[in-house]
1. Output wanted: per-residue J couplings in Hz (rounded whole) for segment 58-75, from phi through Karplus 6.51 cos²θ - 1.76 cosθ + 1.60, θ = phi - 60°, x for Gly and Pro.
2. Order these by the 10 Å Cβ neighbour count, fewest first: LEU203, LEU176, LEU151.
3. Rounded, prolate or oblate: pick one for segment 104-205, where a ≥ b ≥ c are the square roots of the eigenvalues of its C-alpha gyration tensor, a/c under 1.5 means rounded, and failing that, prolate if a/b is larger than b/c, else oblate.
4. May I ask you to compute the full-extension gain from LEU117 to ALA98, defined as 0.36 nm times their residue separation minus their alpha-carbon distance, rounded to one decimal in nm?
5. What residues have an amide H closer than 5 Å to that of ARG209, excluding those fewer than 5 places away on the same chain, when H is modeled at 1.01 Å from N in the peptide plane?
6. Give me the one-decimal nm value for the distance between modelled label points at LEU63 and GLU162, 7 Å along each residue's Cα-to-Cβ direction.
7. For labels at ARG126 and GLU88 in the simple 7 Å Cα→Cβ model, what's the distance in nm?
8. If you take every residue apart from PHE66 with its C-beta less than 14 Å away from the C-beta of PHE66, what net charge results, scoring Lys and Arg +1 and Asp and Glu -1?
Amino acid sequence: MSKEQSDNPANKWQKFSEEQEEKVVEEKSVVTPEDEVTTEVSLDDEVVSSEQVASEFSAEAALGAFDAERTALEREIAKYKDIAIRSEADMENLRRRAERDVSNAHKYANEKLLKELLPVLDSLNRGIAGIDAGDQQLTPMLTGMKMTHELLEKALSRFGIEALDPAKGDIFDPTLHEAMSMQPDPEAESNTVLQVLEKGYQLNGRVLRAAMVIVAS
């Protein structure tokens with residue numbers, strides 16, 4: 001560039017502008033220590049934030065897994081507890097049933113034999129009722145039959161046999177009595193016993209034979 005050109009005001013101004021632009025570019029391209037520290041701190045913050053998020057996510061996932069496992073274990077415990085309770089109840093019922101069966105076996109073991117003796121007792125009752133107590137010749141026989149009847153009743157009583165012998169006027173009980181017929185009676189209340197045709201018997205509370213009765217209608 002010639003001296004004239006360099007002295008030209010326009011050229012001077014262009015040169016000054018170019019120098020200023022170069023200076024600005026140089027200033028922008030220069031990285032100060034403060035800028036480096038700021039950049040490092042920003043990167044560290046990003047790393048810490050990422051690690052914190054990952055840690056929180058991991059903790060939530062672990063807590064969720066723990067809750068799920070605890071719920072499953074609680075269900076298992078409840079199931080086995082229910083099984084244990086049911087098993088215990090079944091065992092208790094079995095024990096009670098076994099005790100009841102043993103008790104019944106003792107109470108009713110001789111049921112068939114005792115039931116077979118009832119007709120013998122009935123025959124003695126009818127024989128005694130049919131003898132004329134005023135006949136002196138029959139007195140020894142009547143006495144012997146009464147003694148035999150009494151001994152047999154005592155023996156049966158020791159095994160739990162009880163007579164069902166309702167009195168006249170007793171309320172008819174279908175669980176203990178068998179109505180052979182019904183008759184009107186103005187002096188008796190309806191559904192009461194008028195007459196016992198044959199005694200009944202029960203063994204330790206179990207009816208072996210209902211009493212045969214006539215009932216007022």
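1. 5, 5, 5, 5, 5, 5, x, 5, 5, 4, 5, 5, 5, 4, 5, 5, 4, 5
2. Working: LEU203 19, LEU176 15, LEU151 10.
Ascending Cβ contact count within 10 Å gives the list LEU151, LEU176, LEU203.
3. oblate
4. 3.9 nm
5. So ARG209 has HN proximity to TYR201.
6. 7.2
7. Using points 7 Å along Cα→Cβ, the separation is 6.0 nm.
8. Cβ neighbours under 14 Å give a net charge of -3.
Since every read-out is calculated from the coordinates, none of them should be taken as a lab result. Note that the structure is a prediction, hence the values are computed from the model and not measured. Cβ sites come from the backbone with ideal geometry, for glycine too, and all protein chains shown count toward neighbours.
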